[in-house]
Amino acid sequence: MLSIDLSVIVIFVIVWILVLVLTKVYFKPMSRVMRQRDGQIQQDQDATQEALDKYGKTIERIEEDIRAAKTSARETREKFERKAQKEKESMIEEVSQECRAQVEKAHQELKEKVECLRKELEPRGQDLAKNIAKKLLN
């Protein structure tokens, strides 16, 4: 059969001691460092995601504020345009009334001048008619 000598047992014990020492000195600290590093990476990823979420919410809020400002500006512009249109119409109506009044006044003045000239020319016309009639009859 197989004979086991003492050196094999010693090597076996040394290997197990080496495994235990390496586990305590190398593998456990390395595993602890790896877990800490994984935990830090996870925290960093969580913080990054949180920052991205915050950034997205901030962008949405800014875009909403911009839309509200555009709407407000459009409403204000439309309000001023309506006000300007009303003032324009009012001014046009006022000028139109003034023009009508001036035309009416000029028409009345012309009527009065025509009447005055008619009254002035009527006696002259009669005198001219008498002179023509005298010249024709003579």
Quiz item: Mind checking which aspartates and glutamates have their C-alpha under 15 Å from K113, skipping anything on the same chain fewer than 8 residues away?
Solution: E104, E122
Quiz item: What lysines sit close enough to K88 to cross-link, taking a C-alpha to C-alpha distance under 21 Å and skipping anything fewer than 8 places away on the same chain?
Solution: K79
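No value in this document is a laboratory result; all are computed from the given coordinates. Note that the coordinates shown come from a computational prediction; the quantities given were computed from them, not determined experimentally.
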